[in-house]
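Accompanying notes for the structure given below.
The values are calculated or read from the model by the stated rules, or taken from the named source; none is laboratory data. Owing to the predicted nature of the structure, the values given are computational and were not obtained by experimental measurement. Ideal geometry is used to build each Cβ from the backbone, glycine not excepted, and the neighbour counts take in all protein chains shown.
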Amino acid sequence: MEIALNKEKHGVVIPEENYFEKAFEGCPFCGSSSIKYIGNIHSSPDINIYTDFLTIIGTTHSDRPLPDIKIYTCNNCFIGFFNPQPTEKSLKEFYANDDKGENTRKKIDPRRFANHILKYLGNLSPRETFRILDFGGGDGAVSQCLGQSLLSSGIAMKIDISVVDYNTVPDRNENSISQCSYKTLDQIPLSDEFDIVIASAILEHLKNPRQTISLLLQKMKKQGIFYARTPYSFPFYKGFKRLGKTFGMPYPAHLFDMGSYFWSDLLKTMNLTADYRMKECHTSLVHAEFRERPLLNILSHFVKLPSYLVGKYYPFSGGWEVVIEQI
């Protein structure tokens with residue numbers, strides 16, 4: 001039986017769905033109350049990702065006022081973050097419907113990227129099986145290339161890859177390389193430990209990066225390696241703002257900004273200095289391929305050049321990467 005209600009006559013209030021979390025009062029990573037406001041982003045043609053998000057979740061024609069999305073940095077751990085952030089449900093809806101997301105972004109050539117990571121592994125002793133955890137690794141192409149290099153060099157007789165990605169691909173087992181796919185980290189057996197853990201261009205998308213980093217570090221074997229690459233775009237926003245210009249921010253595709261000062265202090269922030277050491281901490285590799293986009297490749301190297309000379313003190317590197325070793 002259906003019951004018809006007149007909302008005005010009966011005083012029925014049907015709450016609208018909330019697409020945003022309650023705003024943070026302090027840093028969502030370290031909990032510090034010392035945070036610095038650096039600006040706002042708004043729905044506008046200049047900020048396409050946020051406009052797309054509002055369209056997808058159906059708020060662009062709503063009478064409900066949209067929240068001001070503020071941009072902060074933490075004075076304690078130096079992470080950058082947007083505030084407030086989308087709910088988990090609205091974020092999933094955005095990614096499910098966004099045709100400008102991960103599938104259409106230009107990705108780094110997996111062979112080139114694997115060789116880049118390989119140089120950070122140091123002098124590896126030969127072993128029967130080399131285990132790789134590729135968090136947010138898509139189809140596992142980078143880990144596959146890395147595994148092939150390890151096999152051809154004689155370091156390993158077998159490669160075991162675990163890929164964690166929301167869009168899983170079929171498991172593979174060929175040419176001494178086996179690959180299993182999982183949607184979430186907690187689906188991986190607790191006893192599994194890995195020689196290398198990769199988290200490339202993924203941590204900035206997550207609502208709980210501290211918990212995720214902690215879980216990934218715990219998955220490493222002794223002398224295991226953790227590699228991470230994250231964007232470092234907030235300095236560009238501040239620089240453009242001082243010039244009276246607009247710098248498009250990738251909200252909500254990116255929820256956090258993790259640059260040089262954040263990663264330099266990470267182990268201290270998370271009280272992990274007794275168990276891990278920072279092996280590498282510097283500007284990330286240039287994304288654009290020279291053979292495909294030579295001018296962008298040259299310009300990117302030019303912009304990053306001061307970072308190679310002065311390290312973390314130069315803010316305009318665009319991205320940062322670290323290698324952390326368990327001791």
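Answer yes or no as to whether F256 is of a type in the set (A, V, I, L, M, F, W, C), at pLDDT 95 or above and in contact with a helix residue (DSSP H, G or I) (Cβ under 6 Å, 6 or more places away or on another chain). Here the answer is yes, as F256 does meet what is asked. Checking Y276, Y251 one by one, the residue that is more than 14 Å from the chain's Cα centre (by Cα) and of a type in the set (F, W, Y) is Y276 and no other. Go through region 220-257 and count every residue that is under 24 Å from F194 (Cα atoms) and among the aliphatic types (A, V, I, L, M). Summing the residues that are under 24 Å from F194 (Cα atoms) and among the aliphatic types (A, V, I, L, M) in region 220-257 gives 3.
For the criterion of being over 23 Å from E280 (Cα atoms), assigned by TED's automatic domain parsing to the domain that holds T269 and among the β-branched types (V, I, T), T168 passes. Restricting the search to region 150-182, which residues are more than 21 Å from E193 (Cβ to Cβ), of a type in the set (G, A, S) and not in a loop (DSSP other than H, G, I, E, B)? Answer for region 150-182, where residues must be more than 21 Å from E193 (Cβ to Cβ), of a type in the set (G, A, S) and not in a loop (DSSP other than H, G, I, E, B): just S152. Of all the residues in region 48-99, those that are modelled with pLDDT under 75, assigned to a helix (DSSP H, G or I) and among the acidic types (D, E) number 1.
Screening the candidates T283, T273, T246 for the property of being under 14 Å from I324 (Cα atoms), hydroxyl-bearing (S, T, Y) and in the same structural domain as L190 (by TED's automatic domain parsing) yields one hit, T273. In region 268-288, how many residues are closer than 23 Å to K221 by Cβ, among the hydroxyl-bearing types (S, T, Y) and touching a residue at least 12 places away in the same chain (Cβ under 8 Å)? So the answer is 1.
Among residues of region 289-327 being hydrophobic (A, V, I, L, M, F, W, C), surrounded by fewer than 17 Cβ atoms within 10 Å (Cβ to Cβ) and touching a residue at least 12 places away in the same chain (Cβ under 8 Å), the one that is nearest to L215 (Cα to Cα) is I327. In summary, A228 fulfils each of the numbered conditions (1) at pLDDT below 95; (2) within 20 Å of the chain's Cα centre (by Cα); (3) part of a strand (DSSP E or B) with the single exception of condition (1).
Only helices (runs of 4 or more DSSP H) whose full extent lies in region 255-313 are considered here, and the ones with at least 2 residues that are within 30 Å of E88 (Cα to Cα) and among the polar types (S, T, N, Q) are 260-264.
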